[in-house]
Amino acid sequence: NRDILRLRLGHRQDPLMTFTTAIYAPYWILNRTGLPLQWGQKWTASNVTLVGGQTINHPEPETSSARSVTSSPERVKGRRGAGAWTGGGKALKDALAGEVLPVPFSFHWKTDVAGPKATVRLGAPFRQFSSRLGHEVPCDWCRPFSADGVGSSSPIEVAGEGFKVDLVLQVDKEEGPLFQTKTLTFLPRYVLCNRLDVPIELGQAGAEAAGTAVVEKDGGMAVVRWLDESKDRRVRLRLLPDENRNHEDWDWEWSGALSVETVGYTPVKVWAARRRADGSPHV
């Protein structure tokens with residue numbers, strides 16, 4: 001069974017003839033994405049096994065050895081129906097604020113000549129439908145990467161049912177008593193933070209009908225996801241009606257397409273179409 005946490009034992013003697021024994025995990029995972037991730041060890045093009053570690057969540061259904069280390073993102077029924085999601089919601093805010101604990105993991109003692117290769121995928125509740133098998137299966141694994149590239153930051157793309165999310169992997173080596181341990185930190189590459197006092201709706205430009213993210217007001221956050229590979233990776237947003245401001249009959253239009261690669265401040269113009277009593281729009 002490769003899904004076992006394998007710790008290491010270090011034994012050394014200092015100049016004063018004092019022996020010190022240390023038990024440690026070679027790697028720690030710090031998931032700051034707000035999304036449930038699973039870790040695997042890449043063997044061949046089609047062979048991936050779950051690496052040993054610990055879990056603070058229930059296993060994924062129909063996979064007894066699955067490891068899912070963050071709470072599932074909240075799903076809401078927004079203006080686009082079941083296609084709307086919170087993009088991490090409160091779990092994302094807690095993760096970026098440092099309110100998550102690292103999880104130890106280890107590789108199998110047998111590795112490739114080039115060293116162990118790791119891979120990640122979205123865990124429960126995210127699944128995808130297999131037309132060949134006729135039922136839902138776990139999400140696909142991302143491209144393999146090295147867990148030993150200390151000081152490096154690498155982009156990673158994970159996929160779910162009909163969407164993709166960009167992540168960033170940062171590998172660091174701990175100091176002091178933990179100098180033999182490496183920490184792998186996963187972060188979302190693109191995050192929308194709503195500091196307005198009204199909720200907003202976020203979607204990929206040209207693919208809003210496929211699904212959107214509802215971002216709560218006063219500091220709500222959402223991870224940006226891509227729903228259509230044929231469209232540019234740009235986003236659009238619009239305000240949602242605010243009951244406290246008597247905006248229930250207002251219908252906000254989408255903004256122009258915004259580049260997620262632009263650093264700095266970008267002015268955004270949104271339009272409001274107010275509806276008449278008969279339901280027809282009045283700009």
If you go through region 130-142 one residue at a time, do you hit one that is touching a residue at least 24 places away in the same chain (Cβ under 8 Å), outside any loop (DSSP other than H, G, I, E, B), open to solvent by 10 Å² or more (accessible area, probe 1.4 Å) and not acidic (Asp, Glu)? no
Taking region 15-35, which residues are crowded, with 17+ Cβ neighbours inside 10 Å, among the hydroxyl-bearing types (Ser, Thr, Tyr) and assigned to a loop (DSSP other than H, G, I, E, B)? THR33
For ILE56, all conditions in the list (1) open to solvent by 70 Å² or more (accessible area, probe 1.4 Å); (2) at pLDDT 55 or above; (3) β-branched (Val, Ile, Thr) hold save one; what is the number of the exception? (2)
Out of the residues in region 169-201 meeting the condition of being open to solvent by less than 70 Å² (accessible area, probe 1.4 Å), assigned to a loop (DSSP other than H, G, I, E, B) and closer than 22 Å to SER259 by Cα, tell me which one is modelled with the lowest pLDDT. PRO199
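Only one residue in LEU240, LEU258 is surrounded by 13 or more Cβ atoms within 10 Å (Cβ to Cβ), touching an Asp or Glu at 6+ places or on another chain (Cβ under 6 Å) and modelled with pLDDT of 70 or more, so which one is that? So that I can check it myself, show each step before the final result.
On the way: LEU258 fails: touching an Asp or Glu at 6+ places or on another chain (Cβ under 6 Å).
It is LEU240.
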Does region 114-126 hold any residues that are open to solvent by 40 Å² or more (accessible area, probe 1.4 Å) and assigned to a loop (DSSP other than H, G, I, E, B), and which are they? ALA114, PRO125
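The values are calculated or read from the model by the stated rules, or taken from the named source; none is laboratory data. In this text, all values refer to a predicted model and were calculated from it rather than measured experimentally. All Cβ positions, even for glycine, are placed from backbone atoms using ideal geometry, and neighbour counts span all protein chains on display. Remember, those area values only see protein heavy atoms, side chains included, never the ligands or the DNA or RNA. Shrake-Rupley method; radii C 1.70, N 1.55, O 1.52, S 1.80 Å.
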